[in-house]
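The block underneath contains the structure these notes are about, expressed in structure tokens.
The values are calculated or read from the model by the stated rules, or taken from the named source; none is laboratory data. Please read all numbers here as calculations on a predicted model, not as lab measurements. Neighbour counts run over all protein chains shown; Cβ positions are idealised from the backbone, glycine included.
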Amino acid sequence: MTKGKVAVALSGGVDSSVAALLLKEAAYEVIGIHMRLWDSPHSEYQAHRAETICRILDIPCHQVDLQKEFESCVVDYFCREYRQGRTPNPCVACNQHIKFGLLLDKALSLGADYLATGHYARVEHSGDGHRLFKAADTGRDQSYFLYTLTQEKLGHVLLPLGEHSRDEVKQMAEQAGLPTAARSSQDICFISRKNYATFLSQRFPAQPGDIVDGRGNKLGQHRGIAFYTIGQRHGLGLASAKPLYVLRIEPESNRIVLGQEKELYSRKLAAQKLNWISGKIPREPITVTAKIRYKSKEAEAIVFPGNDSVDVHFAQPQKAITPGQAIVFYNMDEVLGGGIIYQMEK
């Protein structure tokens, strides 16, 4: 008697392979499912690894070609945001539209009750609903990327690695004879570090404009706003007695505004495209801790809900709040939801 049928999203890496292993040991009926997202040698390598993992675990292996959908929902979005002077997070978009969108639909069409991934986060199911929590290994926690999950989707999600550390996962993979050697990871799956500049140059034709200070005085010329982000210091092509940072990107005037580090700090922001995991939109201000990017520390804040957006006021100023990035709200270890930053204020 199994606990149900679960499709495991196998990337070819250690984490997802151990997720499949744990579920099989827990008496689930497990099938592997691998997404083809990008045409590259690395993608071929990942697909081969996924097939190898399925053979070792003796589970069925399914390949799903989502390259066109990935191009539309993630890569085009990534490029569009940069052209508009924002800094997107493609992993959030991929989880929302591809992994827990199209892939979840495919898993259910194969008769699966659940889709499982190798994310380090925890989900709790009960008769009162489904809740998302940080991973037990806080240094590896990836709950930030999952804030777009809804009650309907979360009800079909299993996250087997949530209670385990990365070291434990590696050890389990070795003991089970699963492949552990891996190529170097990439910050963005469709852009390697070696061809990052080439990718940007191909996608963003040069549109030079002015680099100015806070008063509008011209300091130099930039090569296109898509090549810059809030808080950037290096690669500005300017000589200055004091370090200068990108404070603002103005797509309307095609300008980059520079200033000193102290000018990067803000106490307030506005966010839109919100998702509340409980499905219940707050009607009154709530106190939370919030992360303004994946690697930032949580900071105490008050969220003031509006109709289609929220204002967030931090107890302490935050450095380099960046339009286009996700802000995620927590109550202790629980993920409440989040949205996309579109504006910051002092």
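Structural remarks
- When the stretch 218-239 is filtered for residues that are out of contact with any strand residue (DSSP E or B) (no Cβ under 8 Å at 6 or more places or on another chain) and loosely packed, with under 12 Cβ neighbours inside 10 Å, the ones remaining, listed by number, are His234, Gly235, Ala239.
- Of the residues making up the stretch 250-296, those that are out of contact with any helix residue (DSSP H, G or I) (no Cβ under 9 Å at 6 or more places or on another chain) and more than 26 Å from Ala226 (Cα to Cα) are Trp276, Lys280, Ile281, Pro282, Arg283, Glu284, Pro285, Ile286, Thr287, Val288, Thr289, Ala290.
- The stretch 68-92: number of residues that are out of contact with any Ser or Thr (no Cβ under 9 Å at 6 or more places or on another chain), surrounded by 14 or more Cβ atoms within 10 Å (Cβ to Cβ) and not aromatic (Phe, Trp, Tyr): 13
- Residue match in the stretch 118-130 (condition: within 17 Å of Val8 (Cβ to Cβ), aliphatic (A, V, I, L, M) and touching a residue at least 12 places away in the same chain (Cβ under 8 Å)): yes
- If you check Thr138, Thr87, Thr117 for being of a type in the set (Ser, Thr, Tyr), in contact with a Gly (Cβ under 6 Å, 6 or more places away or on another chain) and assigned by TED's automatic domain parsing to the domain that holds Gln63, only one passes: Thr87.
- Of the residues examined, Leu102 is not one that is under 28 Å from Val328 (Cα atoms), buried (at least 22 other Cβ atoms within 10 Å of the Cβ) and modelled with pLDDT of 95 or more.
- Of all residues making up the stretch 250-298, the number that are farther than 18 Å from Gly85 by Cβ and touching a Pro at 6+ places or on another chain (Cβ under 9 Å): 12
- Residues in the stretch 288-302 that are farther than 23 Å from Cys91 by Cβ and under 22 Å from the mean Cα position of the chain (by Cα): 1 in all.
- Which numbered condition Leu115 misses (of (1) under 17 Å from the mean Cα position of the chain (by Cα); (2) closer than 20 Å to Cys189 by Cβ): (1)
- Residue in the stretch 69-82 that is in the same structural domain as Lys99 (by TED's automatic domain parsing), more than 20 Å from Gly162 (Cα to Cα) and basic (Lys, Arg) present: yes
- For the stretch 181-217, filtered to residues that are loosely packed, with under 15 Cβ neighbours inside 10 Å and polar (S, T, N, Q), the residue that is modelled with the lowest pLDDT is Ser184.
- Cβ-Cβ under 7 Å pairs, at least 6 apart or on other chains, the stretch 280-304 side under 14 Å from Lys134 (Cα atoms), far side part of a loop (DSSP other than H, G, I, E, B) and at pLDDT 95 or above: Thr289/Glu298; Ala290/Glu298; Lys291/Glu298
- Top-ranked residue in the stretch 30-54 [being out of contact with any Cys (no Cβ under 8 Å at 6 or more places or on another chain) and charged (D, E, K, R); ranked as modelled with the lowest pLDDT]: Asp39
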